[in-house]
Amino acid sequence: LAHAGVSVGALHGGKTQAVRTRTLALFKDSVNAALVATDVAARGIHVDGISLVVHVDAPTDHKDYLHRAGRTARAGEAGTVVTIATTKQQKSIGGLTSRAGVTPKFVGVTPLSTELMKITGAQEPSGIPYIVPIVEKSVRSGGNKRPRPNSSQRRRRPH
């Protein structure tokens with residue numbers, strides 16, 4: 001996505017918590033227009049204004065499906081959930097959504113079909129590769145700290 005010009009972040013378990021937190025902040029602050037995530041982002045994350053969730057690899061558990069899908073349409077807002085599946089997967093997706101209490105609308109699409117673009121609200125990417133912004137760590141001021149004495153200058157504790 002970044003090579004196509006989409007400002008995107010990625011969340012997965014292979015990233016440190018600090019990197020995941022920074023990535024999520026960039027998404028929340030609309031620096032990144034898209035967020036690609038594994039189930040590490042399915043629960044416990046709240047971001048206002050998410051209008052689209054795309055399941056590229058649908059979960060097998062209906063509760064996981066609901067948690068992923070629940071990232072959109074929060075607090076009465078509208079949202080769209082798209083689950084990409086092959087025709088062979090359609091039956092299992094139907095069962096999954098049924099257990100989740102969702103009635104899906106199955107639509108046959110191809111990767112660049114107008115129907116898929118209409119459903120997802122896709123736009124033509126700029127084609128200019130997106131460079132992830134580097135957030136500089138703040139440098140702590142030395143304040144009024146005194147230099148640490150070397151070992152010969154330290155006071156020794158009485159035994």
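Tabulated data for the structure shown
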item: Single unsatisfied condition, Arg99 versus (1) modelled with pLDDT of 90 or more; (2) of a type in the set (Lys, Arg); (3) under 22 Å from the mean Cα position of the chain (by Cα); result: (3)
item: Residue within region 71-83 that is among the acidic types (Asp, Glu) and in contact with a Ser or Thr (Cβ under 8 Å, 6 or more places away or on another chain) present; result: yes
item: Complete set of residues in region 40-78 that are surrounded by 18 or more Cβ atoms within 10 Å (Cβ to Cβ) and touching a Phe, Trp or Tyr at 6+ places or on another chain (Cβ under 7 Å); result: Pro59
item: Flag if Ala37 is surrounded by 12 or more Cβ atoms within 10 Å (Cβ to Cβ) and within 20 Å of Lys118 (Cβ to Cβ); result: no
item: Per-region count, region 64-109, residues of a type outside the set (Ser, Thr, Tyr) and closer than 24 Å to Gly49 by Cβ; result: 21
item: In region 98-119, residue surrounded by the fewest Cβ atoms within 10 Å (Cβ to Cβ) [restricted to those that are part of a helix (DSSP H, G or I) and either touching a strand residue (DSSP E or B) at 6+ places or on another chain (Cβ under 6 Å) or of a type in the set (A, V, I, L, M) (or both)]; result: Met117
item: Members of region 79-97 found to be surrounded by 10 or more Cβ atoms within 10 Å (Cβ to Cβ) and farther than 30 Å from Val19 by Cα, listed by number; result: Ala85, Gln89, Gln90, Lys91, Ser92, Ile93, Gly94, Gly95, Leu96, Thr97
item: Test: Ala41 is in contact with a strand residue (DSSP E or B) (Cβ under 7 Å, 6 or more places away or on another chain) and within 28 Å of Ser126 (Cβ to Cβ); result: yes
item: Residues of region 3-52 that turn out to be under 21 Å from Tyr130 (Cβ atoms), free of Cβ contacts under 8 Å to residues at least 40 places away in the same chain, touching a helix residue (DSSP H, G or I) at 6+ places or on another chain (Cβ under 9 Å) and β-branched (Val, Ile, Thr), as a count; result: 2
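The values are calculated or read from the model by the stated rules, or taken from the named source; none is laboratory data. Because the structure is a prediction, the values reported are computed rather than measured. For neighbour counting, all protein chains shown are included, and Cβ atoms are generated from backbone atoms with ideal geometry for every residue, glycine included.
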